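The values are calculated or read from the model by the stated rules, or taken from the named source; none is laboratory data. Here the structure is a predicted model, which means the values were calculated and not measured. Because the Cβ atoms are built from the backbone with ideal geometry, glycine has one as well, and the counts that use them run over all protein chains shown.
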Amino acid sequence: MAERGGDDNRREEIKGVMNLKGVAERAGVSSSTVSRVLSGKSYVNEKTRAKVLESIKDLHYTPNVLAQALKLGRTNTIALMVPSIHNEIFPVITRGVEDVARKLGFTVILCNTDDDAEIEQDYINKLRTRYIDGFLVASALPGSDHMRRLKEEGFPVVLLSRYYDDDIDAVIIDNYQAAFEGVSYLIRSGHKRIAIACGPRALSIYEKRYQGYADALKAAGLKVDPELVIMEVNGTNSFYYLTQGLLRKGIRPDAIFATSDPKAIVIMRAIVDSGLSIPGDISVLGFDNIEMSAFVEPPLSTISQPLYEMGALGARKLIELIQGESKPPRTDILGFDLIIRKSTR
């Protein structure tokens, strides 16, 4: 019988089916000591810790992650909500989030909301009941009250990029000041008729960038010409037809400030297809400094956001909240840079 029992034990070791109690017996410690080693929360003598870890390795023991999560009250999983991964700024932000999360032992679930409040709310309703520890939200809309309720209920939430003066932790840039300085650069370069290609002003980032544009003109003694305000009507590609329509009417700006690089790139194509040159006839200034902006012809002058750093800092802030660090909500405002290439003169 003893010999058969030994054979059974060896088979169990090989199959890796020993439970926590088996690890404790092999290491000569209590099950609670093994739990403390696994959680990493309580002090355990280094010699004892080494014995436990060796037993775990020898027995191929894999802890029950869900059981641990229920016991600890978290799963080390966070949700990152973005409007669309097709928007070139969000893969960079996502990489910053994932690099920090991975280093700190967290997993990231990516959610595309398509700038639809109902989709955003549906994600939140489903994920909050599936052991998600917190939300990073780069898709916040003016009517995202469901996201604000999460914060009111004590759920960890950090906003990225978009911000509506909520009492919620956030990581952003000063979109107003960035646009103001970009347009001021165009004015200093001799441009007087500066158009703006603006995204939906209901979104905070575009409203701030529009205000920066308008105030930079006013500060230089220039008026905002309604004919030079080009508003998005049906996605970024609509700026191709909007720009060509403007030029066909004989309305010729000497510069166009686009409130995102993808808009600027579409506008550049519309200008060239109209038989005009960049920057000889019209200068173009973008916003974001996505990777493609350096490779279009001519290379795009743009306002650079620290996108990776935004994601990385947002992840750190959220994980601190999850781990119980109690601090008043804070908005971190990162810097920006004006990148001058060959699309402006």
TODO: Out of the residues in the range 249-264 that are farther than 17 Å from residue 187 by Cα and not acidic (Asp, Glu), state the one that is surrounded by the most Cβ atoms within 10 Å (Cβ to Cβ).
DONE: 263
Task: Unique residue being surrounded by 15 or more Cβ atoms within 10 Å (Cβ to Cβ), in contact (Cβ under 8 Å) with a residue 12 or more places away in the chain, out of contact with any Asp or Glu (no Cβ under 9 Å at 6 or more places or on another chain) and more than 29 Å from residue 135 (Cβ to Cβ) when the list is 283, 301 - done: 301
- [ ] Given the conditions (1) under 26 Å from residue 174 (Cα atoms); (2) at pLDDT 95 or above, report the number of the one that residue 298 does not fulfil.
- [x] (1)
Open item on the list: Tell me whether the range 311-332 contains one or more residues that are within 21 Å of residue 176 (Cβ to Cβ), under 25 Å from the mean Cα position of the chain (by Cα), in contact (Cβ under 8 Å) with a residue 24 or more places away in the chain and assigned to a helix (DSSP H, G or I).
Closed with: yes
- [ ] Quick one: in the range 10-50, of everything that is surrounded by 13 or more Cβ atoms within 10 Å (Cβ to Cβ) and at pLDDT below 50, which residue is farthest from residue 105 (Cα to Cα)?
- [x] 12
- [ ] Can you tell me which residue within the range 163-182, out of those that are more than 16 Å from residue 205 (Cα to Cα) and crowded, with 18+ Cβ neighbours inside 10 Å, is farthest from the chain's Cα centre (by Cα)?
- [x] 168
TODO: With respect to residue 272, determine if the residue is outside the structural domain of residue 89 (by TED's automatic domain parsing), among the β-branched types (Val, Ile, Thr) and closer than 21 Å to residue 342 by Cβ.
DONE: yes
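Would you be able to tell me the number of residues in the range 119-147 that are among the aliphatic types (A, V, I, L, M) and either part of a loop (DSSP other than H, G, I, E, B) or surrounded by fewer than 20 Cβ atoms within 10 Å (Cβ to Cβ) (or both)?
Taking the range 119-147 as the starting set, the residues that turn out to be among the aliphatic types (A, V, I, L, M) are 119, 124, 127, 132, 136-138, 140-141, 147.
Among the residues that remain, those that are also either part of a loop (DSSP other than H, G, I, E, B) or surrounded by fewer than 20 Cβ atoms within 10 Å (Cβ to Cβ) (or both) are: 119, 127, 132, 138, 140-141.
Here the count works out to 6.
Any chance the range 148-160 includes a residue that's closer than 25 Å to residue 261 by Cβ, part of a loop (DSSP other than H, G, I, E, B) and over 16 Å from the mean Cα position of the chain (by Cα)? It would help to see each step written out before you state the result.
Residues of the range 148-160 closer than 25 Å to residue 261 by Cβ: 158-160.
When the remaining residues are screened for being part of a loop (DSSP other than H, G, I, E, B), the result is none.
The answer is no, given that none of the residues of the range 148-160 is closer than 25 Å to residue 261 by Cβ, part of a loop (DSSP other than H, G, I, E, B) and over 16 Å from the mean Cα position of the chain (by Cα).
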Task: Selection within the range 163-204 - outside any loop (DSSP other than H, G, I, E, B), among the charged types (D, E, K, R), in contact (Cβ under 8 Å) with a residue 40 or more places away in the chain and assigned by TED's automatic domain parsing to the domain that holds residue 219 - done: 181
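I'd like the residue in the range 205-248 that is outside any loop (DSSP other than H, G, I, E, B) and among the basic types (Lys, Arg) and, out of all such residues, is surrounded by the fewest Cβ atoms within 10 Å (Cβ to Cβ). Reasoning before the result, please.
Step one: of the range 205-248, the residues outside any loop (DSSP other than H, G, I, E, B) are 205-219, 226-231, 238-248.
Those left that are additionally among the basic types (Lys, Arg): 208-209, 218, 248.
Details: 208: 22, 209: 28, 218: 11, 248: 9.
Of everything passing the filter in the range 205-248, 248 is surrounded by the fewest Cβ atoms within 10 Å (Cβ to Cβ).
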- [ ] Out of the residues in the range 265-280 that are surrounded by 13 or more Cβ atoms within 10 Å (Cβ to Cβ) and in contact (Cβ under 8 Å) with a residue 40 or more places away in the chain, state the one that is nearest to residue 213 (Cα to Cα).
- [x] 267
